[in-house]
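Participant: Dropping a structure here in structure tokens format, bear with me for questions.
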Amino acid sequence: MNAQSAVSSGTWHLLALDLPPEVYGAPAHPKGMAQPWGRWALSLIPADSPASRPETSADTATQVPVRAWIGRGPSVVSWGPTIEFAGTLEAASADYRAWAASLDVDEGVRPFIRALGAFNYSDLSGKLEVPTLALWGQPYLETYLLWHDSRADEAAALISAAKSAGPVPHLAGPQAQWQEAGASLPGTEWQQQVAQAISAMRAGQAQKVVLSRDVFWQADRPVPVEQVLAALVGHDDHEGQDASAWAFAVGDLVGASPEILAQVHEGRFFARILAGTRPAGRGKELWQDPKELAEHEAARASVIRRLESAGISEILAPPARLLKLPQVEHLQSEVSGHCEGRDVAQLAAHFHPTAAICGQPTVAAAALIKQLEGMDRGAFAGPVGWMDPAGDGQFNIALRCAQVPESSLRSPQKWRLLAGAGIMPSSVPANEFSETGTKMGTMRSALGID
Ligand SMILES: C=C(O[C@@H]1C=C(C(=O)O)C=C[C@H]1O)C(=O)O
């Protein structure tokens with residue numbers, strides 16, 4: 001079936017929901033919204049009944065995958081069928097925007113016919129998906145339900161469920177027992193690869209290379225994605241800072257990334273570059289460590305260098321600051337500018353891969369990753385996020401996440417946790433190994449492993 005033609009002949013609907021102020025958090029401020037709103041919206045996802053949890057892949061059509069993006073700015077929780085635009089990030093976004101522009105819908109509704117997508121690190125292939133039923137939480141305390149005619153019955157049920165739901169229900173985290181189930185490279189081998197990268201860099205092959213690794217975890221039962229997301233949004237708004245990560249379930253990834261590759265809002269571009277890491281509570285050490293400072297500078301410079309060719313003007317790039325997250329602290333640089341006429345997908349594609357997740361110089365670092373990493377990153381470290389028909393939106397770098405099997409997106413039992421670390425000529429392999437382990441802590445904690 002050609003989903004696009006089937007849906008453009010239908011109708012889209014938008015309803016503003018009148019919700020109690022508690023849903024948006026206290027104090028009622030846009031920055032504080034993500035956590036209670038996320039828990040509220042996630043609690044409305046229909047339960048994962050055994051009937052919707054097929055044992056065989058032949059039944060996967062009955063699955064109801066959850067899609068979500070929850071953090072500062074527009075947030076969404078959705079489930080069920082989507083309209084897909086596959087291809088590279090730029091091709092998929094061009095197709096999506098042309099389709100959205102051609103829809104015969106009210107101009108108040110069109111901006112909410114937004115798409116979510118995750119794209120592979122290596123070639124930016126992937127897909128954008130437009131939810132056909134979605135709860136969109138907006139800054140300034142608004143929530144809209146968007147639905148397509150094909151989901152009218154579910155929308156009616158959801159509207160009455162939303163009316164009778166308590167303000168912010170408690171969602172239990174995952175209750176599974178976990179077993180470690182291998183890795184693409186055993187830890188000792190991975191550290192040998194890091195040592196090789198260090199030798200190659202000392203011989204002048206590159207200045208920085210980011211090597212990542214994975215660890216598989218097997219649960220004794222399916223783990224509903226909304227429980228994991230609820231635990232991830234629970235981490236938000238750490239120590240009174242701005243909401244610092246965006247929890248997501250997009251494509252085959254579930255996680256909470258703090259790093260913004262490209263954000264576009266009404267002609268303004270914004271990015272948040274992270275590089276340089278310490279476990280929580282030890283961030284101040286970063287200012288004294290020449291290796292971390294050089295590593296950060298490489299990542300920051302790689303974005304700043306590409307701003308002009310991206311067509312961005314009136315650039316602001318204040319000095320780096322410390323970003324505190326529950327598991328780790330980073331050096332962060334925020335960069336902004338004017339980006340009239342460029343959409344968020346074009347800009348994300350332009351900046352990918354940054355030195356924060358590839359290295360410096362890009363081509364040499366990419367070659368070392370290919371030679372040494374010993375695994376396929378999939379969409380890990382690729383762009384993940386959302387966009388609207390006008391080209392506004394946000395793509396983060398898919399970090400602090402797990403990849404789950406395509407055949408069980410709703411309640412996966414096997415989770416592949418991934419994390420990387422910037423390797424410099426002065427790096428110590430054992431330290432990089434423990435840094436990647438600490439970064440995986442975001443997911444271990446949300447899954448209830450730690
Ligand atoms: C690669 C990751 O993180 C990146 C690498 C960092 C570093 O090496 O210090 C810090 C933040 C991210 O840009 C990851 O979280 O997996």
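The values are calculated or read from the model by the stated rules, or taken from the named source; none is laboratory data. Note that the coordinates shown come from a computational prediction; the quantities given were computed from them, not determined experimentally. Quick reminder, even Gly has a Cβ in these numbers, built from the backbone with ideal geometry, and neighbours come from all protein chains shown.
Participant: Could you look through the stretch 294-311, keep only residues that are touching a Ser or Thr at 6+ places or on another chain (Cβ under 9 Å) and farther than 23 Å from Thr277 by Cα, and pick out the one that is farthest from the ligand (Cβ to nearest atom)?
Facilitator: Residue satisfying both the conditions and the ranking: Leu307.
Participant: What number goes with the only condition from (1) more than 16 Å from the ligand (Cβ to nearest atom); (2) touching a Leu at 6+ places or on another chain (Cβ under 8 Å); (3) assigned to a strand (DSSP E or B) that Glu314 does not pass?
Facilitator: (2)
Participant: For the subset of the stretch 242-258 comprising residues that are farther than 18 Å from Leu128 by Cα and either out of contact with any strand residue (DSSP E or B) (no Cβ under 8 Å at 6 or more places or on another chain) or assigned to a loop (DSSP other than H, G, I, E, B) (or both), which member is nearest to the ligand (Cβ to nearest atom)?
Facilitator: The qualifying residue nearest to the ligand (Cβ to nearest atom) is Pro258.
Participant: Residues to consider are Ser93, Ser122; find the one that is among the polar types (S, T, N, Q), surrounded by fewer than 19 Cβ atoms within 10 Å (Cβ to Cβ) and within 25 Å of the chain's Cα centre (by Cα). Please lay out each step first, then the result.
Facilitator: Details: Ser93 fails: surrounded by fewer than 19 Cβ atoms within 10 Å (Cβ to Cβ).
Only one candidate qualifies: Ser122.
Participant: Every residue in the stretch 190-215 that is small (Gly, Ala, Ser), away from the ligand (no atom under 12 Å from the Cβ) and not in a helix (DSSP H, G or I), please. Can you show your working first?
Facilitator: Filtering the stretch 190-215 down to residues small (Gly, Ala, Ser) leaves 195, 197, 199-200, 203-204, 206, 212.
From what is left, the residues that are away from the ligand (no atom under 12 Å from the Cβ) are 195, 197, 199-200, 203-204, 206.
If the condition is that a residue be small (Gly, Ala, Ser), away from the ligand (no atom under 12 Å from the Cβ) and not in a helix (DSSP H, G or I), then Ala203, Gly204, Ala206 are the ones that fit.
Participant: Could you list, ordered by first residue, the pairs with Cβ atoms under 8 Å in which the first is in the stretch 119-137 and in contact (Cβ under 8 Å) with a residue 12 or more places away in the chain and more than 16 Å from Phe248 (Cα to Cα) and the second is buried (at least 24 other Cβ atoms within 10 Å of the Cβ) and β-branched (Val, Ile, Thr), at least 6 apart or interchain?
Facilitator: Partner pairs satisfying both residue conditions: Tyr121/Ile357.
Participant: Going by the conditions given, is Val328 within 13 Å of the ligand (Cβ to nearest atom), under 18 Å from the mean Cα position of the chain (by Cα) and at pLDDT below 95?
Facilitator: Values: within 13 Å of the ligand (Cβ to nearest atom): yes; under 18 Å from the mean Cα position of the chain (by Cα): yes; at pLDDT below 95: yes.
Answer is yes for this residue.
Participant: Separate question: Enumerate the pairs (first residue in the stretch 63-75 and within 14 Å of Leu42 (Cβ to Cβ); second residue anywhere and acidic (Asp, Glu)) with beta-carbon separation below 7 Å, excluding pairs fewer than 6 apart on the same chain, so at least 6 apart or on different chains.
Facilitator: Val66/Glu226; Arg67/Glu129; Gly71/Asp236
Participant: Can you work out which of the residues in the stretch 394-441 that are aliphatic (A, V, I, L, M) and surrounded by fewer than 18 Cβ atoms within 10 Å (Cβ to Cβ) is farthest from the ligand (Cβ to nearest atom)?
Facilitator: Start the filter on the stretch 394-441 by keeping residues that are aliphatic (A, V, I, L, M), which leaves 397-399, 402, 404, 409, 417-419, 421, 423-424, 428, 430, 440.
Filter once more, keeping what is surrounded by fewer than 18 Cβ atoms within 10 Å (Cβ to Cβ): 428, 430.
Numbers: Val428: 13, Ala430: 15 Å.
Among them, the one singled out is Ala430.
Participant: Report yes if Pro353 is within 16 Å of the ligand (Cβ to nearest atom) and either surrounded by fewer than 24 Cβ atoms within 10 Å (Cβ to Cβ) or not in a strand (DSSP E or B) (or both), otherwise no.
Facilitator: Details: within 16 Å of the ligand (Cβ to nearest atom): yes; either surrounded by fewer than 24 Cβ atoms within 10 Å (Cβ to Cβ) or not in a strand (DSSP E or B) (or both): yes.
The answer is yes for Pro353.
Participant: Give me a count of the residues in the stretch 259-281 that are more than 14 Å from the ligand (Cβ to nearest atom) and either surrounded by 16 or more Cβ atoms within 10 Å (Cβ to Cβ) or assigned to a strand (DSSP E or B) (or both). Break it down into steps so the answer makes sense when it comes.
Facilitator: Narrowing the stretch 259-281 to residues more than 14 Å from the ligand (Cβ to nearest atom): 262-270, 281.
Going one step further and asking which of them are either surrounded by 16 or more Cβ atoms within 10 Å (Cβ to Cβ) or assigned to a strand (DSSP E or B) (or both), we end up with 262-265, 268-270.
Count: 7.
Participant: Here are some conditions: (1) within 30 Å of Leu103 (Cα to Cα); (2) within 16 Å of the ligand (Cβ to nearest atom); (3) more than 18 Å from the chain's Cα centre (by Cα). Ala390 meets all but one. Which one does it not meet?
Facilitator: Looking at each condition in turn, Ala390 falls short on (2).
Participant: What number goes with the only condition from (1) closer than 29 Å to Gly378 by Cβ; (2) in contact (Cβ under 8 Å) with a residue 60 or more places away in the chain; (3) basic (Lys, Arg) that Arg305 does not pass?
Facilitator: Of the numbered conditions (1) closer than 29 Å to Gly378 by Cβ; (2) in contact (Cβ under 8 Å) with a residue 60 or more places away in the chain; (3) basic (Lys, Arg), the odd one out for Arg305 is (2).
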